[in-house]
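The values are calculated or read from the model by the stated rules, or taken from the named source; none is laboratory data. Note that this is a predicted model, so its numbers are computed, not measured. We place every Cβ from the backbone using ideal geometry, glycine too, and count neighbours over all the protein chains shown. Side chains included, ligands, DNA and RNA excluded: accessible areas come from the protein's heavy atoms. Shrake-Rupley method; radii C 1.70, N 1.55, O 1.52, S 1.80 Å.
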Amino acid sequence: TMAQKINEAHEHIAKAEKCLKTSFMKWKPDYDSAASEYAKAAVAFKNARQLEQAKDAYLQEAEAHTSNRSFFVLSQDMQRLPEAVQFIEKASVMYVENGTPDTAAMALDRAGKLMEPLDSAKAAHLYQQAAGVFENEERLRQAVELIGKASRLLVRQQKFDEAAESLQKEKNMYKEIENYPTCFKKTIAQVLVHLHRGDYVAAEKCVREGYSIPGFSGSEDCVAMEQLLQGYYDQDEEQVSRVCTSPLLRYMDNDYAKLAISLKVPGGGKKKPAAGDSGASPPEEEEDEYAGGLC
């Protein structure tokens with residue numbers, strides 16, 4: 001009966017918790033056995049149609065696996081985790097239908113965190129799904145944070161086309177909630193992604209769009225991007241490197257800072273000869289003025 005299945009599930013949970021306890025004689029939690037008990041509990045809850053509890057048991061199983069970093073467990077983990085995540089995705093649809101979207105979004109976010117070390121493409125997708133749930137609820141602050149997680153993972157996988165779309169969505173949302181300084185940072189990230197795609201025109205368009213954001217024009221972010229685009233267009237490796245190694249870009253999120261450092265100008269950095277350019281390096285005071293503007 002249902003009641004028997006629920007009792008059985010609770011027995012497995014109790015066993016799992018016992019496995020995780022340490023004592024004078026037992027120094028290390030037994031994550032392996034705990035994970036297996038949580039898995040049995042999840043199945044029992046699922047059979048008893050206790051979806052909320054089944055989802056929790058799946059998550060606890062996954063967390064027990066990820067706490068135990070041993071190689072053997074990780075290989076089982078690889079097989080079990082996607083199954084748990086699939087279940088969480090199904091459950092989240094039901095939460096939304098039952099009018100508890102918060103639970104759905106938080107479950108998807110947690111599933112994303114668990115998947116990150118194993119399958120970052122799947123993790124990005126889970127964050128996007130969680131963002132979608134919050135967006136439907138018009139909770140843009142929560143949604144935009146999750147889109148940001150997805151953008152960073154897409155950059156890390158060098159999926160620059162998708163990353164560019166994700167960043168555009170982020171920027172639009174920050175604009176909607178009137179968080180303009182963050183829009184500036186997203187513009188920088190967009191420019192870096194587009195230049196890594198080799199698309200100067202798209203990068204320039206992002207900066208042009210930026211002029212309509214209050215406070216962007218003339219800001220240090222704006223000046224830096226104009227100099228970066230100019231340097232990239234002129235194939236001036238020195239200028240590009242000066243912008244890309246400036247504190248403004250160096251202290252961005254790690255994924256974007258790496259894009260800045262690894263940016264190469266087209267044509268192998270052979271500077272285009274400008275009219276009346278003797279190939280001399282720019283005057284010193286120009287560099288100082290720029291460095292001063294960043295502090």
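With runs of 4+ DSSP H residues as the only contributors, calculate the mean residue ellipticity of the chain at 222 nm using -39,500 (n - 2.57) per run, divided by the residue total and rounded to the nearest 500.
Values: 15 runs with 219 residues, N = 295.
After summing the helix terms and dividing by the residues of the chain, the value is -24000 deg cm²/dmol.
How much accessible area per residue does the chain have, counting only protein heavy atoms and a probe of 1.4 Å, in square angstrom?
So the chain comes to 53 Å² accessible per residue, rounded to a whole number.
Suppose R0 equals 25 Å. What FRET efficiency, 1/(1 + (r/R0)^6) with r the Cβ-Cβ distance, do MET2 and GLU89 give to the nearest 0.05?
Calculated value: 0.50.
Between [x] 54; [y] 62; [z] 57, which entry matches percent of Cα pairs over 24 Å apart as derived from the coordinates of this structure?
[y]
Which number gives the lysine pairs in region 1-69 that have C-alpha atoms under 23 Å apart and are eight or more places apart or on different chains?
Lysine pairs meeting both conditions in region 1-69 amount to 20.
Quick one: 3J(HN,Hα) in Hz for region 108-121, Karplus 6.51/-1.76/1.60 with θ = phi - 60°, rounded, Gly and Pro as x.
5, 4, 5, 4, x, 4, 5, 7, 3, x, 9, 8, 5, 5
What's the long-distance tail for region 1-69, i.e. % of Cα pairs beyond 20 Å?
When every Cα pair of region 1-69 is considered, 27 percent fall beyond 20 Å.
Below 8 Å between Cα atoms, with a sequence gap of 6+, how large is the relative contact order for the chain in percent?
Details: 360 pairs, mean separation 24.5, N = 295.
Relative CO of the chain lands at 8 percent.
What distance in nm lies between label points placed 7 Å from Cα along the C-beta direction at SER262 and GLU97?
4.3 nm
ALA48: net charge of surrounding residues, Cβ under 14 Å, Lys/Arg +1, Asp/Glu -1, itself excluded?
Combined, the nearby Lys, Arg, Asp and Glu give +1.
Rounded to the nearest percent, how much of the accessible area of the chain (1.4 Å probe, protein heavy atoms only) is carbon and sulfur?
Carbon-and-sulfur percentage of accessible area, whole number: 52.
So what is the relative contact order for region 97-237, in percent, with contacts set as C-alpha pairs under 8 Å and at least six apart?
14 percent
Using 7 Å Cα-to-Cβ label points, what is the ASP32/GLU178 separation (nm, one decimal)?
5.8 nm
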